[in-house]
1. What net charge do the residues around Leu3 carry, taking every other residue with its C-beta under 13 Å from that of Leu3, with Lys and Arg at +1 and Asp and Glu at -1?
2. I need the peptides 37-44, 12-19 ranked by packing, meaning the mean over residues of other C-beta atoms within 10 angstrom, with the highest value on top.
3. Rank Val27, Leu9, Ala65 by how far each Cα sits towards the positive end of the charge dipole of the chain (+1 on Lys, Arg Cβ; -1 on Asp, Glu Cβ) and give me just the farthest.
4. Quick one: if you stick a label point 7 Å off each Cα along the C-beta vector at Lys6 and Glu64, how many nm between them?
5. Once the other residues with Cβ under 14 Å from the Cβ of Glu36 are scored (Lys, Arg +1; Asp, Glu -1), what is the net sum?
6. Could you tell me which chymotrypsin sites (Phe, Trp or Tyr not before Pro) in the chain are loop residues by DSSP with no more than 16 other beta carbons within 10 angstrom of their beta carbon?
7. Helix 19-28 versus the longest principal axis of the chain: what angle, 0 to 90°, nearest 10, using Cα atoms?
8. Using the Cα centre as the reference, give the magnitude of the dipole from point charges on the C-beta atoms of the chain (Lys, Arg: +1; Asp, Glu: -1; all else neutral), rounded to the nearest 20 debye.
Amino acid sequence: MNLTLKNWLDAGVLAGISDGDMFDLIVKGKGKMVGEGDRLPPEKAWNMVHYVRSFAKGGGAEKEAAAAAPKS
Ligand code: HEM
């Protein structure tokens, strides 16, 4: 599908998207991403929003970089 997917461990990637916008994006879709539509009840779509946000909590991208860096 030639998709460009972002790194959700990096909080900056999602900083410009509000929770409401993310909810709409998950339900309605965007670009090549198909929305969940009616098959996802609203409370589960909100759970998705919080789940996606949770990836960047606790310094996700920084931790990843530190783990990849050579140990000194
Ligand atoms: C329930 C499952 C999914 C969730 C929670 C989800 C969530 C998101 C979120 C939060 C974004 C906006 C931030 C970003 O660009 O990374 C996004 C964008 C995107 N997603 Fe998904 N997604 C899901 C499923 C999918 C699937 C199955 C595909 C592939 C067919 C897909 C393809 C894309 C693409 C291509 C974008 C960029 C859209 C654009 O900016 O034009 N997503 N998704």
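1. +3
2. Averaged packing, sorted descending, gives the order 12-19, 37-44.
3. The one lying farthest along the dipole's positive direction is Ala65.
4. That separation, rounded to one decimal, is 1.3 nm.
5. Working: positive: Lys28, Lys30, Arg39, Lys44; negative: Asp24, Asp38, Glu43.
Result for the neighbourhood of Glu36: +1.
6. Passing both the DSSP loop test and the Cβ count: Trp8, Phe55.
7. Taking the Cα atoms of the chain, the angle to 19-28 is about 60 degrees.
8. The dipole of the chain has a size of about 220 debye.
Taken together, the values in this text are just the output of simple stated rules run on the coordinates, not laboratory data. It should be emphasised that the depicted structure is a prediction, and the values quoted were computed from it without experimental measurement. Reconstructed Cβ throughout: ideal geometry from the backbone, glycine too, with neighbour counts over all protein chains shown.
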